[in-house]
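Read-outs: derived from the displayed coordinates by stated rules, not from any lab. Computed from a predicted model, the values in this text were never measured in an experiment. All Cβ positions, glycine included, derive from the backbone under ideal geometry; neighbour counts span all protein chains shown.
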Amino acid sequence: MKIVLAPDKFKNSLTGLEFCNAVESGIRTIIPNCDIIKLPLADGGDGTIAVVNYYLAGKVVKVKVSNPFFKPVEASYLYASSTKTAFIEMAEASGVKLLNPEQLDCKNATTFGTGELIKDAIKRGVKTVILGIGGSATNDCGIGMASALGYHFLDGDDAEVKPIGANLSQIETIDISKVHPKLKDVNFKVACDVSNPLYGENGAAYVYAKQKGATHLDVEMLNTGLEDFSKILQRTFNVDAQLVMGAGAAGGMGIASKVFLNGYLKSGIELIKDLAQFDKNIKDADWIITGEGKLDAQTFSGKTIKGVLASTEAQKIKVAAFCGAVDLNETDIKRLGLEYTDAIIHHAKDFEDAMKNDFSYVTKMAEHFAKQHLI
């Protein structure tokens, strides 16, 4: 019997690998010789770096780069020299997490530090970069990142423009003659889980800039800048930014990843599944056991369990979900495609007990499942 364990983390609780160990322990109590494969997953949010490293087996590289306001900050990324693959999160250099709430000011923020991380990876010989573009403090349409890699953004007088969101409307031309010569040799896979266009009422500025410190006037100015700059991108790269799904992700890093890096935008869970060779490794499995902190309506919109079910549907594999809590009715659970669900909260005395003894409860849930469905 082949069982695949493919959970997301339980936020502020079990990691994906801890979940795998708990479930394995429970199942082996009942069926000692069961074939168990551990494939922890993530959807590109927090905790993704640990899951990526499970497959990459890389090392953490620390680099002094620029923070969103060009101040020095130590940022890190993963690099696996054996496969020449790097995992870079733009939030490490250009993220909200680096700033206090009162410091947020996306019109004056830059993605330059993210470009410096990419440049460092190129120096190490990277061939594939998995780039996570969540959690940004920026709205510069990626011109900071591109500037660090040798692109030059010029105004009407051919003077270089400081690469921040407030200056997007000043750009008249893009000089691509001094772009890093090895950039074209790198394959960029970009974790992008939003579908916002670059500008307009559903675009980067109107939807996200306010939470990054923009006033109403700032939002209007930034939206105009993105629209103006899209015309420069059209002229330079022959790309209509408004037709690119996810162009407005991370203050325009979606379209920036495509035009400046020749990147391929894909959902976070799909990128992690690719890294795990998920579809290949689940072949001929009898069951897949997945899980996450809470099974709810958000699960339908591209979270890890939805990604698991997308693969198992094609291969007709049964799926069980062990979660912290389940906030869906039986109809919705069946509509998702789950054969079995259980939740820690059904067994624990209260929430505190559930959090404190999560490993033990997941182990017991796995034992119970094995007795019911695997014997």
Going residue by residue through the range 71-83, the Karplus relation 6.51 cos²θ - 1.76 cosθ + 1.60 with θ = phi - 60° gives ³J(HN,Hα) values, rounded to whole Hz and with x marking Gly or Pro, of 8, x, 8, 8, 10, 10, 8, 9, 9, 9, 5, 5, 10
A convex hull over the alpha carbons of the range 308-375 yields, per residue, a volume in Å³ of 97
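If you take every DSSP beta bridge fully contained in the chain, what fraction is antiparallel? Give it as a percent rounded to 5.
Percent antiparallel among DSSP bridges in the chain is about 35.
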Given backbone amide H placed at 1.01 Å from N, residues whose amide H is under 5 Å from that of Thr173, ignoring those fewer than 5 places away on the same chain, are Leu154
On the formula 1/(1 + (r/R0)^6), with r taken between the Cβ atoms of Lys178 and Ser82 and R0 of 22 Å, the FRET efficiency rounded to 0.05 is 0.10
Of the residues Val219, Thr312, Ile3, the Cα lying farthest along the dipole of the chain towards its positive end, which is defined by charges on the beta carbon of Lys, Arg, Asp and Glu, belongs to Ile3
Here the averaged projected area of the range 1-149, based on the convex hull of its alpha-carbon atoms and given in nm², is 10.3
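In percent, how large is the relative contact order of the range 58-268, given Cα pairs closer than 8 Å and 6 or more residues apart? List each step's numbers first, then the result.
Working: 525 pairs, mean separation 42.9, N = 211.
Reported as a whole number, the value is 20 percent.
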Scoring the chain by relative contact order with C-alpha pairs under 8 Å, at least six apart, yields a percentage of 19
When the charge dipole of the chain is computed with +1 at the Cβ of Lys and Arg and -1 at the Cβ of Asp and Glu, the Cα pointing farthest to the positive end, of Ala209, Gly132, Thr110, is that of Gly132
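If contacts are Cα pairs under 8 angstrom and at least 6 residues apart, what is the relative contact order of the range 153-271 in percent?
Details: 188 pairs, mean separation 38.0, N = 119.
Worked out over the range 153-271, it gives 32 percent.
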In the structure shown, of Lys123/Lys258; Lys97/Lys182; Lys11/Lys162, the pairs separated by more than 32 angstrom at the C-alpha atoms are Lys11/Lys162
Computed, not fitted: 222 nm per-residue ellipticity of the chain from DSSP H runs ≥ 4 (each -39500 (n - 2.57)), nearest 500, equal to -10000 deg cm²/dmol
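What's the exposure ranking of Lys273, Lys97, Lys162, going from fewest to most Cβ atoms within 10 Å?
Numbers: Lys273 23, Lys97 10, Lys162 16.
So the ranking, lowest neighbour count to highest, is Lys97, Lys162, Lys273.
Based on the Cα gyration tensor of the range 1-76, what are the three equivalent ellipsoid semi-axes, each the root of five times an eigenvalue, rounded to whole Å and given largest first? Walk me through the numbers on the way to the answer.
Values: eigenvalues 252, 30, 16 Å².
Ellipsoid semi-axes (Å, largest first): 36, 12, 9.
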Kirkwood Rh for the chain from C-alpha pairs, in Å, is 21.8
Using alpha carbon centers only, the range 1-58 is separated from the range 289-364 by a whole-angstrom value of 14
GNM on the chain, Cα springs under 10 Å; top mean-square fluctuation among Ile282, Ile176, Ile344 goes to Ile176
Between the modelled labels at Lys349 and Val61 (7 Å from Cα along Cα→Cβ) the distance in nm is 5.0
Most fluctuating of Asp284, Asp157, Asp140 in the GNM of the chain (C-alpha, under 10 Å) is Asp157
At 25 °C in a medium of viscosity 0.890 mPa s, the range 143-184 has a Stokes-Einstein diffusion coefficient, with Rh taken as the Kirkwood radius over alpha carbon pairs, in µm² per second, of 236
Here the longest stretch of the chain that holds no GluC sites (Glu not before Pro) in a DSSP loop having at most 16 other beta carbon atoms within 10 Å is 1-171
For the range 1-108, the charge dipole (Cβ of Lys, Arg +1; Cβ of Asp, Glu -1; about the Cα centre) points to a positive end, and the Cα of Val73, Val63, Phe19 closest to that extreme belongs to Val63
Shape descriptors of the range 58-268 over alpha-carbon atoms, Rg and Dmax in angstrom, are 15.5, 49
